[in-house]
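Here the structure comes first, spelled out in structure tokens, and everything after it is commentary.
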Amino acid sequence: MLRMILLFSLSVLTFAGNAFGEVKVEKTVYKGWQNCYRVSNGEVELIVTGDVGPRIIRYGFIGGQNIFKEYAEQLGKSGEEKFQARGGDRLWKAPEDPIATWAPDNVPVEITATPTGLIARAPVEPLTHLQKEIEISLASSGNQVTVTHRITNRSLFTLEFSPWALTMMAQGGMAVSGFPPRGIHPINLEATNPLVMWAYTDLSDKRWAFTKKYLTLRQDPNNLNAQKLGMFNKDTWAAYLLNGEAFVKVAKADPSKTYPDFGCSFETFTNSEFLEMETLGPLTKVAPGQTVDQVEQWGIYRNVHLSAITDEALDATVLPLVKATGASH
């Protein structure tokens, strides 16, 4: 694939798509950051930060809401000594480590344009000797995006970790994820998946709701308590419903491999400030110079209204969006 380094003096790159549209990569200012890049096809847009990252700070319809969380007081800033939440979509290593996982991503990244988007590549982290990058590939029309999160081991030693893609969602919405296919006792006697708790998980919390096929987690700005659950599903997906729109991300997991946190390919977390939807790759022994990635398919949809938290309502409202997102690539 042809790749071209985007110099900060460059204003617009346009790559022709099919007969229905084109993908543009434009340098832009975004909420105080002077070096951001907008990837758009005329219908949806993604904003990637160049002054920090790699981060996708915005994804939405042109002129519409940003369904991602933004920390207003952290926007436009860089160079901080400690990790900053900021918002948007980012890349971590799992299992979670309070020092190495939370390594700051507060320095400029290299931006490389591609015919369908861009790659944002961070320098090697001094603390971990890992190098992270996020690649965006936007369809020339419609709302579909492939987002590839990559980590390369730049150390002198083999390291074991998982790529971990975390998307922070704006306040006031609800996350939905599906369990693997359900069965009937005593026909289906085998275990199908873990449901993993953290020490602070409280299943009596009213923000959780469960049906036979789905779990949902509501973001409440007035509830200060953190909540988290994880699970495994070879067809991993999550949707976030907010103000009549739905963001969906889909990833594949391999049942033959070992995943972090007692076998999680998906985790969801919330507190009073945001809700996070996270997918994880398998634990991998990564030799020096080798790269692992976590690939997600994204979609965003309008006019999505859930009538009730039931299998029937979720089947009718959310499941078609999941299928459309996963099947579009």
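The values are calculated or read from the model by the stated rules, or taken from the named source; none is laboratory data. These numbers come from a predicted model, not from an experiment. Ideal geometry is used to build each Cβ from the backbone, glycine not excepted, and the neighbour counts take in all protein chains shown. To get the accessible areas, we keep the full protein, side chains included, count just its heavy atoms, and leave off ligands, DNA and RNA. Shrake-Rupley method; radii C 1.70, N 1.55, O 1.52, S 1.80 Å.
Within region 196-225, being open to solvent by 30 Å² or more (accessible area, probe 1.4 Å), assigned to a loop (DSSP other than H, G, I, E, B), farther than 16 Å from Leu314 by Cβ and not acidic (Asp, Glu) holds for Trp198, Ala199, Tyr200, Leu203, Ser204, Lys206, Pro221, Asn222, Asn223, Leu224, Asn225. For region 288-307, what are the residues that are outside any strand (DSSP E or B), open to solvent by 30 Å² or more (accessible area, probe 1.4 Å) and at negative phi? Answer for region 288-307, where residues must be outside any strand (DSSP E or B), open to solvent by 30 Å² or more (accessible area, probe 1.4 Å) and at negative phi: Pro288, Gln290, Arg302, His305, Leu306, Ser307.
Among the residues that make up region 256-267, is at least one of them part of a strand (DSSP E or B), touching a strand residue (DSSP E or B) at 6+ places or on another chain (Cβ under 7 Å), closer than 24 Å to Lys93 by Cα and open to solvent by less than 30 Å² (accessible area, probe 1.4 Å)? Scanning region 256-267, I find at least one residue that is part of a strand (DSSP E or B), touching a strand residue (DSSP E or B) at 6+ places or on another chain (Cβ under 7 Å), closer than 24 Å to Lys93 by Cα and open to solvent by less than 30 Å² (accessible area, probe 1.4 Å), so the answer is yes. Applying the criterion of being among the polar types (S, T, N, Q) and open to solvent by less than 20 Å² (accessible area, probe 1.4 Å) to the residues of region 141-160, the residue that is farthest from the chain's Cα centre (by Cα) is Ser155. Here Ala120 does not qualify as in a loop (DSSP other than H, G, I, E, B), open to solvent by less than 20 Å² (accessible area, probe 1.4 Å) and within 21 Å of Val292 (Cβ to Cβ).
Among residues of region 308-324 that are over 16 Å from Leu217 (Cβ atoms), those with a beta-carbon under 8 Å from a residue that is open to solvent by 40 Å² or more (accessible area, probe 1.4 Å) and at pLDDT 95 or above at least six positions away or on a different chain give the pairs Asp311/Lys212; Asp311/Lys213; Ala313/Leu306; Ala313/Ser307; Asp315/Lys213; Thr317/His305; Thr317/Leu306; Thr317/Ser307.
Checking the structure you have, find out if any residue of region 150-171 is part of a strand (DSSP E or B), closer than 24 Å to Glu70 by Cβ and in contact with a Pro (Cβ under 7 Å, 6 or more places away or on another chain). Among the residues of region 150-171, not one is part of a strand (DSSP E or B), closer than 24 Å to Glu70 by Cβ and in contact with a Pro (Cβ under 7 Å, 6 or more places away or on another chain), which makes the answer no.
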